[in-house]
Every structure is written in structure tokens, then in C-alpha cells.
Amino acid sequence: SIPTGPTGPLRFPSDFGWGAATSAYQIEGATKEDGRGESVWDTFSRVPGRTRNGDTGDVAADHYHRYAEDLDLMRDLGLRSYRFSISWPRIQPDGTGAPNQRGLDFYRRLIDGLHERGIEPMATLFHWDLPQALQDADGWESRDTAHRFADYADSVFSALGDRVSVWLTINEPKTVVQNGYLIGHHAPGRQDPDAAYLVAHHLQLAHGLAVRALRAANSTSRIGPALNLHPCYPADDSPEAAAAAQLYDGYENRLYLDSLLKGSYPQDVLADLGSRSRMVRGIRDGDLAVISSPVDLLAVQYYTPIYVTADGRSEQRWPTSEAEWQQIYPDGMYDILTRVTRDYGPIPLTVTENGLPTPDTLGTDGTVDDAGRITFLRDHLAAAHRAIAAGVPLESFHVWSLLDNFEWAEGYDQRWGLVYVDYATQRRVLKRSAHWYRSVIAEGGF
Ligand code: PNW
């Protein structure tokens, strides 16, 4: 049993999967090497004004060349699990056809290096870097892209399947929908609500088709979706705020959770979208059965709560981090984990992202003092521990991120890593939080 209580030390299960996470475009660089094709983020980041300082992922943290050094860092931290993503345009430069062997070889070297160091690989198939050739053919607005994704997944499973114990299909479909197609500050930079929810459906379909591809390959690996979930709270006690928070929750959480785990889209969201919406017209017989193909685990990413006003806007309640969308509220971690278990049954859970950006600088003594990250992680881990004590089957926890990296539209200005990257030299420096996390892992708690 797990000791709890406000004063005692927090001890996690001895087999708890202490981890850290990254994604391909954010760390790899080497965008023109070994036959890699272009992705939507290569295109988008080159459009003037789209990213801060015009930053791109061309070099990033140069992980493609420095992966061996980064593997040693992971071993030094004592990581048990490392979550990374596979770059679709490295495997299929044009988004279809025979896999590019040199692309597969990179991930084989990385995965072998993890095994050699006793670290479990957790691989995401799609972390937003859609091959540009598929975007040119309407991208996720086209149902065919879901089938292209299943083909890509199938190639990756045949080449690497036996070496990866956990596969995650699509990272945060909601962020593609909201940032890519509603707000437009992520690739492909659209502002088209009617397209956005059709994209949501095709991303869900792509997930389900990839799950079926893994099952058809008779794999012993596990697979699941990776969702960023937001607890949605009414901003006041009025019935109007309660109703608005309920619908907001539909768009943020149930649209994805219900289709995956209950085999139906939430009625309130479908009614709100309307029968003439492209999404509702795009749902075909049998799609929900594909989307709800049984999964082995659910990956949850938690960053922030949302407080919803009576007129359906979001309001700030807690201090934000350097990311203006992030309010720091550790209890939200407990609320979202217990809610998923209560509403969707005891499916194994992993936290695949949690973290914040801090204003880190390399001190003259060569250290990086990110005290804010230690407080943040300590409080969120304590909330996760309470959820475990309340019966949530949480297996592992991955800090976003292992390394400072290309934070999409924010470029390199926001530093999310446990490890500082000095981009001028590509030197890695463990931040104070990395030293702290290493001792948490070694002691199984804090
Ligand atoms: C995630 N929100 O995106 C992504 O998976 C990472 O690639 C990214 O670097 C990280 O979080 C930090 O931003 C998110 O609005 C985007 O709540 C938006 C939100 C959450 C996560």
C-alpha cells in the first residue's frame, strides 16, 4: 500500500515508469538528411511572422546527430521510460509508398540504445509533422489521409514493432484541430471551424485504423491514444456557467474520449455542430467502431485547467507560466486522472506530458537554477500520487520535456526542458530540476 498523508514522504510503486518526453520536429534538426521529406512544419515555420524570431526546426537540439549523448543523459537521470516520436516524412518522404530505410535505421539505433540502457521506449507515430505532400492533397481534411496514416503505421510496425513496448498513435488530436484549424497559429495555419471538426473525425479514424493495423500484425506491443485533457470548471455558481462548462468539456475532452472509449460522439457537441457541418456529414457507417477499437492504455497530457464563464468564454483564475495559456493548478491533475477512471473504467493510464516553461539562463558558475520547475513537478506528482492512492491505474509519468526544444510558434524562446540546451554550442547542462528528478527516481518519491 502507498503511504499517503500531508507530512510523510510520498512513495510511488516500485515499478513506476519515471520518464521524460520529446517529439521529432522539436528536437531532431537534420531536416534534409538521409532522405527525409518536407513536413507541414518545415513549410509553416518558414512563412514570415508564423514563429517567434522566424525560428524553424532545421537544427533544433541537433538530436539526430547527438542522440547517443542524449541517451547517456537519460541513463544518468535514471529514466525508466522515454517517450519520443517518429517523423513520418523520414519514413515516407512523400507520405506514401515504400519506407525509407535510412529513416527507419535512425529510430532503430535510438531504440536499441534505449534497450542497452534499460530504458523502455514509448513511441508516438504522429506528433504533428505531416508530410507536406499529403497536406498538398488536403491533409487531414481528406479522409484518405487516415488511410495513408494506417499504411505508414503498418510500415513502422513491421520494421520496429517488436522493439517498442508501447505505441501511441496521434499526439493531441485536439491541438491539431484547435491550433491548426481554428486559431491557425500552428501548421497548417487555417481558421476554418467547419474544416476543423472534420479534421478531428479523420484524426480519430486514423488512430483507429492504426490500432487495427497493429492487431493485424499480431504484435505483442501495447497501443493507445495520447490526449491532452483539460478539466473544465464553471467560473461561477450560476446554472448558465455550469451549462457552458459542460459544453466546453464536450469540445475539450468528450469529443475524443467518448469516441475512443464509448464508440459514440457526445450528443451535445454533435447538436452544437449541427447536422449540416462537414464533420457530421463526414461520419460514415462503421467509423465509430473503427475509432473505438479496443486500446491497451490511455495516455493523458495535463497542463492547465479551464474556467468557463456563463457566456462560454474562458477566464483566468490562477497564475500563469511563461505560456500565457497555462494556469498553474496541480489539483487539475488529480481531477482529470480520477475523472477518466470514473467515467471510462479502469483502463491503464500513463501521463505522457506535464511541465512548464521557465526563464532559464546559464549561470556564470555553469548551473541553471529552475526552482519553479521543481515546485511545479513536485506539486503535480503529489496530485498524481493522490490519484493512485484513490485507485487510478497510473503506470508512468513523463516530464515535458527532456530537453529545451523548438516550442512550435514560440520558437526557442520558451525553455521546457529538464536539460538546458545552449543552442550556440549545443552543449547540454542538467538544470537543477534534472538533479532533483534524478533523486526522485532513485528514491521512488520525495
Ligand atoms: C503540447 N493547451 O502541446 C505538445 O504535445 C508539445 O509538443 C508541446 O511542446 C507542449 O505541449 C508544450 O506546449 C500543447 O493549450 C499545446 O493547453 C497546447 C496546450 C497544451 C499542450
ask   = Label points 7 Å out from Cα along the Cβ direction at residue 367 and residue 80: separation in nm?
value = 2.9
query = Accessible surface of residue 39 in the full protein assembly, 1.4 angstrom probe, to the nearest 10 Å²?
reply = 0
ask   = Taking GluC sites (Glu not before Pro) as exposed when DSSP calls them loop (any state but H, G, I, E, B) and at most 14 other Cβ atoms lie within 10 Å, what is the longest stretch of the chain free of them, the sites themselves excluded?
value = 34-323
Debye intensity ratio in log₁₀ form over the Cα atoms of segment 31-151, taken at each q of 0.17, 0.22 Å⁻¹ = -0.94, -1.26
query = Can you list the HN-Hα couplings for segment 254-271, worked out from phi with the Karplus curve (6.51, -1.76, 1.60; θ = phi - 60°), rounded to whole Hz and with x for Gly and Pro?
reply = 5, 3, 8, 4, 5, 5, 6, 10, 10, x, 8, 7, x, 4, 5, 6, 4, 5
request  = Find out how many positive minus negative residues lie around residue 163, taking Lys and Arg as positive, Asp and Glu as negative, among other residues whose Cβ is under 13 Å from that of residue 163.
outcome  = -3
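In Å, the Kirkwood hydrodynamic radius of segment 194-310 over pairs of distinct alpha carbons? Please list the in-between numbers first.
Details: mean 1/r = 0.0652 Å⁻¹.
Here the Kirkwood hydrodynamic radius works out to 15.3 Å.
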query = Residues with amide H under 5 Å of residue 17's amide H, sequence separation 5 or more or different chain, H placed in the peptide plane at 1.01 Å from N; which?
reply = 396, 397
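Please report the net charge: other residues with Cβ closer than 9 Å to the Cβ of residue 67, K and R +1, D and E -1.
Taking every other residue near residue 67 into account, the sum is -1.
What does the helix-only formula give at 222 nm for the chain: each DSSP H stretch with n ≥ 4 adding -39500 (n - 2.57), the total divided by the residues, and the result rounded to the nearest 500 deg cm²/dmol?
So the helix-based figure for the chain works out to -11500 deg cm²/dmol.
Between residue 11 and residue 311, what is 0.36 nm times their sequence separation minus the Cα-Cα distance? Round to one decimal in nm. Don't skip to the answer; put the middle values down first.
On the way: separation 300, 0.36 × 300 = 108.00 nm, distance 4.30 nm.
103.7 nm is the gain from fully extending residue 11 to residue 311.
For the chain, what % of the accessible area comes from carbon and sulfur atoms, probe 1.4 Å?
On the way: 8020 of 16440 Å².
After summing per-atom areas, the C and S share lands at 49 percent.
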task = Along each of the three principal axes of the Cα atoms of segment 377-446, give the extent in whole Å, ordering the values from largest to smallest.
result = 46, 28, 17
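Multiply the residue separation of residue 52 and residue 343 by 0.36 nm, subtract the distance between their alpha-carbon atoms, and state the gained length in nm to one decimal.
Details: separation 291, 0.36 × 291 = 104.76 nm, distance 3.97 nm.
In short, 100.8 nm is gained.
Only Lys, Arg, Asp and Glu count, each charged at its Cβ (+1, +1, -1, -1), so figure out the dipole size of the chain about its Cα centre, rounded to 20 debye. Please report the intermediate quantities before stating the final value.
Numbers: 42 positive and 60 negative charges, 169 e Å.
The dipole magnitude comes to about 820 debye.
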ask   = Hey, any idea what Rg/Rh is for segment 99-253, computing Rh the Kirkwood way over Cα pairs?
value = 1.05
key: Accessible area per residue, Å², segment 221-274 with all protein chains present, probe 1.4 Å   = 36
message = Suppose we keep just the DSSP beta bridges with both residues in the chain; what percent of those would be antiparallel, to 5?
response = 20
note = Once phi for every residue in segment 219-226 is put through the Karplus expression 6.51 cos²θ - 1.76 cosθ + 1.60 (θ = phi - 60°), the whole-Hz ³J(HN,Hα) values, with Gly and Pro written as x, are 7, 9, 5, 9, 8, x, x, 10
query = What is the Cα coordinate range of the chain on the first, second and third principal axes, sorted by size from largest, in whole angstrom?
reply = 62, 55, 46
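The values are calculated or read from the model by the stated rules, or taken from the named source; none is laboratory data. It should be emphasised that the depicted structure is a prediction, and the values quoted were computed from it without experimental measurement. Glycine gets a Cβ as well: all are built from the backbone with ideal geometry, and neighbour counts include every protein chain shown. In case anyone asks, the SASA skips ligands and DNA or RNA and just uses the protein heavy atoms, side chains included. Shrake-Rupley method; radii C 1.70, N 1.55, O 1.52, S 1.80 Å.
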